[in-house]
């Protein structure tokens, strides 16, 4: 039988711990892994914000179309010569009483926020608006809201500028 020599107290403490080189190697490996995960997390966040943008655009555009349909049916009070589209995004939320004695028609509970806009702005100001008389290539605000678009200068993951969605 072979006996191992007993270790002194300082030798036992050193044998039980990690060396500085081992700790540096572990930190370097963790740094490389973190550097690889960061771009993936950024793409995931971009994809989620794009999904929110698509949903918000769909909700607002559906509300604008519902407002126009209600106006065409004579359910809203509109001045003569109006296009039939809402005068502002806020009109979709505040609603219209329409004819006297009729129930108020509301088309949105609240205006969704553009996820790419500054958080300091009110939701209505995060969107660019296009009037009925404005061209699609050069959208301009006017007396009504025919369409909305993102004011962001960024492009989506598909390469299309967000303002063109």
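For the reader, a short list of remarks on this structure follows.
- Odd one out for residue 148, checked against (1) in contact with a strand residue (DSSP E or B) (Cβ under 6 Å, 6 or more places away or on another chain); (2) modelled with pLDDT under 90; (3) buried (at least 17 other Cβ atoms within 10 Å of the Cβ): (2)
- Pairs with Cβ under 7 Å, 6+ apart, first in the range 112-126 and closer than 12 Å to residue 89 by Cα, second crowded, with 19+ Cβ neighbours inside 10 Å and modelled with pLDDT under 90: none
- Test set (1) in contact with a helix residue (DSSP H, G or I) (Cβ under 6 Å, 6 or more places away or on another chain); (2) within 23 Å of residue 164 (Cα to Cα) - residue 57 fails condition number: (1)
- Each residue in the range 41-73 was checked for being loosely packed, with under 15 Cβ neighbours inside 10 Å and more than 18 Å from the chain's Cα centre (by Cα), and 4 of them qualify.
- Filter result for residue 9 (out of contact with any strand residue (DSSP E or B) (no Cβ under 8 Å at 6 or more places or on another chain), farther than 28 Å from residue 163 by Cα, surrounded by fewer than 15 Cβ atoms within 10 Å (Cβ to Cβ) and at pLDDT 85 or above): no
- Some residue of the range 63-71 being closer than 21 Å to residue 163 by Cα and touching a residue at least 12 places away in the same chain (Cβ under 8 Å): yes
The values are calculated or read from the model by the stated rules, or taken from the named source; none is laboratory data. In this text, all values refer to a predicted model and were calculated from it rather than measured experimentally. Virtual Cβ from ideal backbone geometry, glycine too; neighbours counted across all protein chains shown.
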